[in-house]
């Protein structure tokens, strides 16, 4: 079967009514005659037409299409996860009340015993959702409350799509494209009318829930009474009520469904959970939205985190947005509706320090009784995003790079170029200009040079040659120069401070036997204790932190205690050529970090550069072969690696 013919089947799968050939032709970028030929080819050799033709257009026979596609090897689900998703989709997307076991075996090209084994696994996998798959008279049936069935569909779609989930086009694989577009427009319009912002992740989460709701309502499935959901917390200006009412009205009008009390309550909770900020919010408004007890508890947590990590977080802006986010988090956890964050793994790798701070905040919330149960890594990563945004605001001036502009002095060329650069890079650079007749300033006064001249130039700094009229290629060249200059600045800091963190007395190499992560932590902790940096309880506290979330990455681990009681910042290193078993991973280098509260800011700057090298370059491959401390230092401070970052 041609790829276009396969696309035609999947396109028709999105519609429940006949679609004209001209519309199909436009969407597939072919002629209507070609559509006719595709339909004729697809139906050839089939007992019943896969695509039915009528004066109204073309309509797909879903059962016949699935049987046809199941015979194509590349379309068959290959793993248990794929097969379970297929079965759930047959129940909940195609609205099949039951599935014949032998037909399923044929569709999936698997044995009866393997199917029964998959069903048993599915009952184990989805037991927490109170869902049960059971067999009766060679038919497979699905049992569960409507609320749990919707959660199952939500789970299946998010699990199978993972990082692409934030793209609404992904949802068109499961729901009619027309429905996706209509509901997305309804959501965005309601938020705009209420002058509220909805981020991409929250919008995708809300869109998915509403698509599921509309789909189930179309099949006559409503949520039953006696909801366990609490009433939505009030929001100043009643923005939640305004948005919920608007969404309800438009969905009922567009899809001819009736949203009952339970569905509307869930809708209000979903919208309430998407709020992360309020404009011009006073303390009284914030207390009204969150409750005085909750707000005071969050303020106390922020103060405790400030003392522990030496961070400045008590700004009005941060307290407002962060406390609202945490209140919404408690609602999501309480209602088993935690949001998926497709970039959680990237955040964990790029911001391990802030990840620790986020875990500390969650633990303090549990200690104060503000939240109960398991908090997903997705939700923790959203806390990291809030922390990162606040620190970025506070340190913005420190991260500016100095760009020197060198252009001929005519027609205000320097001023025009400056305006163009600042329009694109104002949050990254400051500008200084010199004319072609002037001598270049000392390299210590700028980080890179942008010029329209050919040179040569006597400077150790990077020179970016651009055209007199900034082109997209020129902007890209400047952007890459900014990134390289930032990397060089960070590497210079690492080089200057290397001896403050690393020393030969805190360095070990194991070339003989494989070890466990726990043994390495114990051995390095003992070394730091002997050298007077930590106390005898340090190893236990490191293991407690490791139990919360593993610090193993690709080839290395960076264990550390959650608290900061070291006498000074120091990093003990173990290199194992045989490998170290670490929570299911094999690592070859362990950086055990002991952190002093008096020098936390310096440590953060040092650690960011170290993490950049370890995660963005191939330096681990070279470090794991080092036989002594001098080789380790030579490799770590080799500028080749930082320069290799694209």
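The values are calculated or read from the model by the stated rules, or taken from the named source; none is laboratory data. Predicted, not measured: the structure shown is a model, and the values here were computed from it. Because the Cβ atoms are built from the backbone with ideal geometry, glycine has one as well, and the counts that use them run over all protein chains shown.
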- Query: Can you tell me which residues in the stretch 415-436 are under 11 Å from residue 404 (Cα atoms) and part of a helix (DSSP H, G or I)?
  - Reply: 418
- Message: Being closer than 20 Å to residue 245 by Cβ, at pLDDT 70 or above, surrounded by fewer than 18 Cβ atoms within 10 Å (Cβ to Cβ) and not assigned by TED's automatic domain parsing to the domain that holds residue 96: is that true of residue 189 here?
- Response: yes
- Identify the single condition in (1) surrounded by 15 or more Cβ atoms within 10 Å (Cβ to Cβ); (2) touching a residue at least 12 places away in the same chain (Cβ under 8 Å); (3) in a loop (DSSP other than H, G, I, E, B) that residue 65 does not satisfy, given that it satisfies every other one. (3)
- Residue hits (the stretch 85-140; free of Cβ contacts under 8 Å to residues at least 24 places away in the same chain, over 20 Å from residue 219 (Cα atoms) and under 30 Å from the mean Cα position of the chain (by Cα)) are 123, 124, 127, 128, 130
- Item | Qualifying residue in the stretch 342-354 (condition: assigned to a helix (DSSP H, G or I), at pLDDT 80 or above and at negative phi) | yes
- Message: Let me confirm something: among 98, 53, which residue is surrounded by fewer than 17 Cβ atoms within 10 Å (Cβ to Cβ) and touching a helix residue (DSSP H, G or I) at 6+ places or on another chain (Cβ under 7 Å)?
- Response: 53
- Message: Tell me whether the stretch 493-502 contains one or more residues that are over 30 Å from residue 401 (Cα atoms), surrounded by 15 or more Cβ atoms within 10 Å (Cβ to Cβ) and modelled with pLDDT of 90 or more.
- Response: no
- Query: Just for the stretch 273-298: of the residues that are modelled with pLDDT of 80 or more and crowded, with 16+ Cβ neighbours inside 10 Å, which one is nearest to residue 595 (Cα to Cα)?
  - Reply: 298
- Item | Positions within the stretch 552-565 being touching a residue at least 40 places away in the same chain (Cβ under 8 Å), more than 19 Å from residue 596 (Cβ to Cβ) and surrounded by 18 or more Cβ atoms within 10 Å (Cβ to Cβ), in sequence order | 553, 555, 556, 557
- Query: Looking only at the stretch 442-452, which residues are exposed (fewer than 13 other Cβ atoms within 10 Å of the Cβ) and assigned to a loop (DSSP other than H, G, I, E, B)?
  - Reply: 442
- Selected residue (only one of 433, 479, 522, 467 is within 30 Å of residue 547 (Cα to Cα) and touching a residue at least 12 places away in the same chain (Cβ under 8 Å)): 522
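Let's see how each residue does on (1) closer than 27 Å to residue 42 by Cβ; (2) assigned to a helix (DSSP H, G or I); (3) touching a strand residue (DSSP E or B) at 6+ places or on another chain (Cβ under 9 Å):
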position: 85; (1), (2), (3): yes, yes, no
position: 89; (1), (2), (3): yes, yes, no
position: 94; (1), (2), (3): yes, no, no
position: 110; (1), (2), (3): yes, no, no
position: 115; (1), (2), (3): no, yes, yes
position: 121; (1), (2), (3): no, yes, no
position: 134; (1), (2), (3): no, no, yes
position: 142; (1), (2), (3): no, no, yes
- Note on the structure: For residue 527, the lone unmet condition from (1) buried (at least 16 other Cβ atoms within 10 Å of the Cβ); (2) touching a helix residue (DSSP H, G or I) at 6+ places or on another chain (Cβ under 9 Å); (3) not assigned by TED's automatic domain parsing to the domain that holds residue 623 is (3)
- Message: Quick check on the stretch 551-565. Is at least one of its residues closer than 16 Å to residue 503 by Cβ and in the same structural domain as residue 515 (by TED's automatic domain parsing)?
- Response: no
- For the stretch 1-27, pairs from a residue that is within 15 Å of residue 62 (Cβ to Cβ) to a residue that is assigned to a loop (DSSP other than H, G, I, E, B) and at pLDDT 80 or above, with Cβ under 8 Å and 6 or more apart or across chains, are 9/50; 17/56; 18/56
- Task: Mind listing whichever residues of the stretch 534-558 are within 22 Å of residue 360 (Cβ to Cβ), touching a strand residue (DSSP E or B) at 6+ places or on another chain (Cβ under 9 Å) and not in a helix (DSSP H, G or I)?
- Result: 534, 550, 551, 552, 553, 557, 558
